[in-house]
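Asker: This is the structure I want to talk about, given as structure tokens.
The values are calculated or read from the model by the stated rules, or taken from the named source; none is laboratory data. Predicted model, so just to flag it, every value in this text is computed and none were measured. As a convention, Cβ positions derive from the backbone with ideal geometry for all residues, glycine included, and neighbour counts pool all protein chains shown.
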């Protein structure tokens with residue numbers, strides 16, 4: 001145990017000091033991140049969408065960004081290979097339901113000789129697919145994450161800057177509204193300025209309250225417009241990431257249903273009756289194998305997208321660097337926060353320590369809440385108390401847990417209690433993908449809200465746009481066949497036509513899987529929770545809503561770039577900026593001591609002629625548990 005903890009401690013300290021290249025990071029961000037041309041850099045740019053922003057990022061830029069984060073080429077190769085391997089188990093969450101639908105159902109037809117038996121089983125399977133697959137998915141996702149984190153470095157997207165907190169169709173509407181607000185403020189400021197002589201400078205204009213007010217409104221409108229445009233482009237990128245994470249899997253998802261329907265034609269030949277269900281079973285297994293391979297490539301593409309999104313959106317700046325970025329000025333190495341940059345990539349040891357810390361923090365929270373709800377702090381039987389160390393009447397187990405949590409957070413792994421939960425979990429997870437920590441992670445995911453979100457996602461996939469998706473495509477062939485007494489009684493053109501129709505229906509659902517996932521993530525991250533009903537509605541109608549939002553939002557974003565790139569608008573914005581700066585630099589009204597005292601609350605003058613102020617501070621009240 002001690003040798004394992006020492007090894008993990010040494011590796012963790014090395015990982016926390018991984019060298020990064022701040023100058024290279026600043027150079028890449030200054031070159032690739034801006035949407036529009038800047039007076040400071042002079043680079044001609046007019047990018048309106050995430051696709052345009054990411055299209056300019058070359059493979060060389062990606063490798064240089066990895067280098068800036070402290071990874072060598074061999075590390076990147078390992079990261080990509082591990083991402084591919086970690087994605088391959090992902091389709092396992094739906095294997096059982098697919099096996100029931102495309103393997104068991106044809107064999108039921110064969111065994112009973114009644115096509116309605118297989119069709120009924122298929123209908124029942126489609127009906128339970130969403131909750132059935134949702135119940136398995138959390139465990140599968142945890143396994144995939146464990147494989148990825150044990151195999152190599154892991155890309156950690158900056159969730160504060162890259163997220164699904166806002167729904168893209170809502171953002172497209174908001175973007176249009178912000179452009180209208182900006183245009184109105186621009187017209188108001190132009191009208192106010194035009195009342196003055198063209199030779200009046202900013203100092204003269206600040207004497208006009210109407211001009212100052214209009215200038216301030218214009219600056220606020222410009223800031224809100226640019227922020228909303230940035231949010232729209234970022235959210236586009238988050239949705240594109242989900243598309244890349246499901247792109248290749250759309251092929252086997254589309255082929256599964258029409259292949260099964262078409263192979264039913266074998267029953268029309270003189271071949272033995274068992275050949276048709278056997279062929280359908282083999283085809284289903286082959287398609288499933290294809291999906292597992294495709295899922296690996298999709299996961300690798302998704303992780304690469306995370307890395308690119310970090311380059312384009314993550315906050316890796318010092319306060320001064322953030323201000324320079326907002327002003328459109330080129331960045332230097334001194335503007336990059338080394339710690340923030342390093343945190344975008346986690347080593348296997350860092351990921352393991354983070355997992356254990358998070359899990360034990362949840363345990364500590366549960367224990368603390370249970371003790372508080374009990375009301376009494378009396379020592380229970382079997383719990384010793386260490387009063388000398390100032391722990392009051394806390395159980396020893398809780399005290400030791402708090403000590404271990406402090407050690408984990410500070411990276412002092414060798415100071416962990418060797419017989420404690422933290423040391424046991426770290427040692428058990430250090431070399432094995434399957435571990436006690438993985439079991440704990442899986443259990444933590446099984447909450448009612450998570451199950452609800454996963455189920456709603458699959459309902460959106462199954463009934464996309466109502467009649468499209470995996471549900472209808474999987475049963476339409478069985479329904480038409482059973483209605484005519486079996487496939488052997490159905491005309492061949494009809495069988496092939498139904499197979500083609502089911503393929504088209506499956507394709508619509510498969511090509512919009514990323515929309516249902518984005519809706520699920522929006523429910524997880526949005527505040528307040530959009531709820532189960534809205535998630536299902538958005539998941540079902542999301543494909544059409546997303547397409548319209550992409551079109552209208554892109555058009556508005558291009559209009560914004562054209563507006564802000566106009567020479568007259570640029571000149572007027574510069575004048576408004578000068579007015580605000582000049583007005584803000586004016587003399588302020590100083591407060592007398594008595595006026596200052598009146599604004600200090602709680603507080604009072606010590607004496608009537610004293611220059612001192614005494615401030616009364618109330619005793620802090622205990623903060624309720626989160």
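Asker: Just a yes or no: is a residue in segment 299-322 more than 28 Å from residue 513 (Cα to Cα), touching a strand residue (DSSP E or B) at 6+ places or on another chain (Cβ under 8 Å) and surrounded by fewer than 20 Cβ atoms within 10 Å (Cβ to Cβ)?
Answerer: yes
Asker: Mind checking which residues of segment 174-197 are more than 26 Å from residue 311 (Cα to Cα) and either in contact (Cβ under 8 Å) with a residue 40 or more places away in the chain or not assigned by the TED database to the domain that holds residue 554 (or both)?
Answerer: Correct list: 176, 178, 179, 181, 182, 183, 186, 189, 190, 193.
Asker: Let me ask you something else. Scan segment 165-191 residue by residue and report those that are under 34 Å from the mean Cα position of the chain (by Cα) and farther than 17 Å from residue 547 by Cβ. Talk me through it step by step, then tell me what you get.
Answerer: Initially, segment 165-191 is screened for residues under 34 Å from the mean Cα position of the chain (by Cα), giving 165-183.
Correct list: 165, 166, 174, 177, 178, 179, 180, 181, 182, 183.
Asker: When you scan segment 202-255, how many residues do you find that are outside any helix (DSSP H, G or I) and either without any contact (Cβ under 8 Å) to a residue 24 or more places away in the chain or not assigned by the TED database to the domain that holds residue 181 (or both)?
Answerer: Residues that pass the stated criteria total 2.
Asker: Right, here's the next one. Please go through segment 159-191 and pick out each residue that is assigned to a helix (DSSP H, G or I), touching a helix residue (DSSP H, G or I) at 6+ places or on another chain (Cβ under 7 Å) and under 19 Å from residue 233 (Cα atoms).
Answerer: Listed by number, the residues that qualify are 168, 169, 171, 172, 174, 175, 176, 178, 179, 182.
Asker: Pairs only if they're at least six apart or on different chains, beta carbon under 7 angstrom, first in segment 334-354 and assigned by the TED database to the domain that holds residue 154 and without any contact (Cβ under 8 Å) to a residue 24 or more places away in the chain, second crowded, with 22+ Cβ neighbours inside 10 Å and assigned to a loop (DSSP other than H, G, I, E, B); list them, first residue then second.
Answerer: 337/316
Let's see how each residue does on (1) more than 30 Å from residue 504 (Cα to Cα); (2) touching a helix residue (DSSP H, G or I) at 6+ places or on another chain (Cβ under 6 Å); (3) at pLDDT 90 or above:
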| residue | (1), (2), (3) |
| --- | --- |
| 425 | yes, yes, yes |
| 428 | yes, yes, yes |
| 434 | yes, no, yes |
| 437 | yes, yes, yes |
| 454 | no, yes, yes |
| 459 | no, yes, yes |
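Asker: Further, regarding this structure: Kindly list the number of the only condition in (1) under 19 Å from residue 514 (Cα atoms); (2) buried (at least 21 other Cβ atoms within 10 Å of the Cβ) that fails for residue 229.
Answerer: (1)
Asker: Within segment 68-125, take every residue that is assigned to a loop (DSSP other than H, G, I, E, B) and in contact (Cβ under 8 Å) with a residue 40 or more places away in the chain and give me the one that is surrounded by the most Cβ atoms within 10 Å (Cβ to Cβ).
Answerer: That would be 69.
Asker: Name every residue in segment 390-430 that is outside any helix (DSSP H, G or I) and under 28 Å from the mean Cα position of the chain (by Cα), in order of residue number.
Answerer: Within segment 390-430, 411, 430 qualify.
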